[in-house]
Amino acid sequence: MGRVYALNVVGTIPAELESLRYLANLNLQQNYLTGPVPSFIGKLTFMQYLGIGSNNFTGELPEELGNLTKLEQLYIDSSGFSGPFPSTLSKLKNLEKLWASDNDFTGKIPDYLGTLTKLVELRFQGNSFQGPIPASLSNLSNLTSLRIGDIVNGSSSLAFISNLTSLNILILRNCKISDNLRTYSTFRTKLFTTRHSMFARFSRINKSMKGSDNTIYEVDAANLGVASYYVTRNTRWGVSNVGIFNDASSRNYVINSSQQFQNTLDSELFQTARMSPSSLRYYGLGLENGNYSVKLQFAEFAYPDSKTWESTGRRIFDIYVQGVLKEKNFDIRKAVGGKSFTAVNKIYNTIVSKNFLEIHLFWAGKGTCCIPTQGYYGPMISALSVTPNFTPTVRNGEPKKKSKAELYNLAGRPNVFSNAELKLATENFSSQNMVGEGGYGQVYKGKLPDGRVIAVKQLSQSSHQGKSEFVTEVATISAVQHRNLVKLHGCCIDSNTPLLVYEYLENGSLDRALFGSKSFNLDWPTRFEIVLGVARGLTYLHEESSVRIVHRDIKASNVLLDTDLTPKISDFGLAKLYDEKKTHISTKIAGTLGYLAPEYAMRGHLTEKADVFAFGVVALETVAGRPNTDNSREEDKIYLFEWAWTLYESGQALGIVDPKLKEFNEKEALRVICAALLCTQGSPHQRPSMSRVMAILAGDIEVTEVVTKPSYITEWQLRGGGDTSYATSSYYSGSTTGEFREKRETAPLNSYPGIAGRIDEGR
């Protein structure tokens, strides 16, 4: 075994290695080896492990590597290789792990990879390969981890993943995928990730400071983390950050250095910088329209200038200003001749036409990821400034009205629309374009000049949702983004009533799809994916977002379906930012009868377990294809959960499944039913967290028996069923015009005195 690992050895691979013909393991990773890899490496035919990653080689991989037919692990990542991938590597039939990320390999990803059927891990991110991804990868049934990124051209299909039944990790970033993962409904994995993404001065993390040119730089937020946003004190700048550092033990979004920086008179300005694992956006707010100069200031200080393996690190990202790509594959050190601790200034001219400026730094997957430590990559910036190229005609001060200022200070690409734009988009809010109505007001369908179809939510003057709630909704949805949450495009505040502009989801709500007058024919795979999607969205809100969020009004009508029937949780108007010290709320209970957890309905006790309860109701409704209360049915089937428990206790739990389903996966259906019964336990402490619900649904946790029938079910049965229930049905009736309005039936509330007066009617 030969091991020269992480010793910062400088030089070339020594010729003496050629004589070690029986060498089985060679680890030369994390050094500063240069030059080409010698061809004699192919003579070491007993080699089983070869690690030459994290070095500074040049040229192409030698074709002789294909002679190492006993090779099981090959690590050539982050080593400076270029050119096509050698065809001779098709002979490595025993290969189990191949890491080739962060090089400059060109040409097509080899089709022969599909013949290396022992592969367990394959990493091909951060190169310059051309598409498409070869369909032959479908033969790699042992693959547990697949990472491919940055396909230069040519779209790729996902059809190859159908046979990858062992896959746990799937990362396809910037691969120009031409179809949707939902198409392959039989594909089940534990985890997969498909990542497709004034005179203002800004970006001092610890304190504001004055530059050598008397520019005052405002303070940034030190605690800006995952999926978070921040607005400066004087409301001129907004910032949003999205992403989690892969494989990193700590999440380091701010880095510091005490060294002196070159090429600048303001060394202190560069001693603190912000990093992002994926997407970092800065928003100039309330700018006067006109031409501006945007100055971005960078300096790299984690990679030393010495000849060590740490110096081989490369930070590469893209720079956009106003949506226009200004720098592709920008490398801070490369811009100053490969030096660290040296300032780089980038100046761009741009036009502000809607009083709004966006600067976007985006990591497309290139560069090193783990030098000098795990999770060290992505955009990095020290300071930025924006200067008008004209004489301003308006005062550059703080907005007078706090509510208006708050509405402009949005993160997550919060376009500010004018009332005229939205009137044009919705045909002056025509009744023909109204697609929904609730306690907040009306929702209208519209179309913007750029072709985007939108949903405009109009805040009613008579609504209980005031401006403060409106601001909360805007800020919350802007900062929290997930594929199973409805996306907020922006807002409008110059109308008589504030407006929210969302993505439009043409398939409407889940309750209309399940039991509306024009319900969809949802097969079992689709229903199961809908349940999983809602669970993922809630897991993100409760456990993965930078702040924990309790939705408070999860119900089937607040789950919307996109073109591919992907579920998205909507209506964050009732959302409260969860404070662990304030689990008892003093305001009116907000929610919908039939989905309310008992402790919330009776005592106003609000935790994320209230959402878990409501999710259980939605999940069982999805399985059964009916609302939680249906007075048209036989007496013992009026209340869905009472009926479900009767069937469950008699060993016939699957009897609840929608009879319209001609076929379904019994194991999956039983998992959903058991999860729903667990989620709707009477005590919040007996309900699982949403992450545990996800594990149950995925089959990672086996639920053999739901032991406790909730007391509220028992009370219903003892007191005579429907006369004691506070359950209700919420559904939509379709019409020939495609419009729909909410209808409700409310059963008596005798079993809980005083509840009726405390519960707002659900939207």
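Here, each number is a calculation from the coordinates, and none is a lab measurement. Values in this document were obtained by computation on a predicted structure and should not be read as measured data. Heads up, the Cβs are rebuilt from the backbone with ideal geometry, glycines too, and the neighbour counts pull from every protein chain shown.
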Mean separation of Cα contacts under 8 Å, 6 or more apart, over the residue count of the stretch 15-146: relative contact order %: 18 percent
Can you pick out the pairs among Lys97/Lys307; Lys457/Lys609; Lys108/Lys326; Lys43/Lys93 whose Cα atoms lie more than 25 Å from each other? Lys97/Lys307; Lys457/Lys609; Lys108/Lys326
Using only the alpha carbon atoms of the stretch 287-342, find the Kirkwood hydrodynamic radius as the inverse mean reciprocal pair distance, in angstroms to one decimal. 13.1 Å
With a Förster distance of 60 angstrom and the Cβ-Cβ distance between Thr387 and Leu661, calculated FRET efficiency to the nearest 0.05 equals 0.45
The stretch 11-106: Rg/Rh from Cα coordinates, Kirkwood Rh? 0.92
If you take the beta carbon distance between Ser87 and Ala335 as r and set R0 to 45 Å, what does 1/(1 + (r/R0)^6) give as a FRET efficiency, to the nearest 0.05? 0.80
Kindly give Rg over Rh for the stretch 70-128, based on alpha-carbon atoms, with the Kirkwood expression for the hydrodynamic radius. 0.93
What is the Rg over Rh value, at two decimals, for the stretch 2-183, using alpha-carbon atoms and the Kirkwood definition of Rh? 0.98
Under the 7 Å Cα-to-Cβ spin-label approximation, Asn256 and Arg3 lie apart by a distance in nanometres of 3.6 nm
Residues Trp99, Trp309 in order from fewest to most other beta-carbon atoms within 10 Å are Trp99, Trp309
In what order do Arg633, Arg687 fall by count of nearby beta-carbon atoms within 10 Å, going from fewest to most? Arg633, Arg687
For the stretch 602-688, state which GluC sites (Glu not before Pro) are in a DSSP loop and have at most 12 other beta carbons lying within 10 Å of their beta carbon. Glu634, Glu663
For Thr342, which sequence-distant residues (separation of 5 or more, or a different chain) have an amide H within less than 5 Å of its own amide H, given hydrogens modelled in the peptide plane? Gln262, Glu300
If one computes the Cα centroid of the stretch 513-570 and of the stretch 66-95, what distance in Å separates the two points? 44 Å
Determine, from the Cβ-Cβ distance of Glu635 and Ser711 and an R0 of 30 Å, the FRET efficiency 1/(1 + (r/R0)^6), rounded to the nearest 0.05. 0.90
Amide H to amide H under 5 Å from Glu327: which residues, 5+ apart in sequence or cross-chain, H placed 1.01 Å off N in plane? Ile319
For the pairs Lys339/Lys366; Lys487/Lys555; Lys445/Lys667; Lys118/Lys568, note any where the Cα-Cα span goes beyond 30 Å. Lys445/Lys667; Lys118/Lys568
Karplus couplings for the stretch 138-151 from phi (6.51 cos²θ - 1.76 cosθ + 1.60, θ = phi - 60°), rounded to Hz, Gly and Pro as x? 5, 7, 8, 5, 8, 5, 9, 9, 10, 10, 10, x, 6, 6
Please arrange Ile701, Ile696 by counting, for each residue, the other beta carbons lying within 10 Å of its beta carbon, fewest first. Ile701, Ile696
If each of Thr106 and Glu268 carries a label point 7 Å out from its Cα toward its Cβ, how far apart are those two points in nm? 4.8 nm
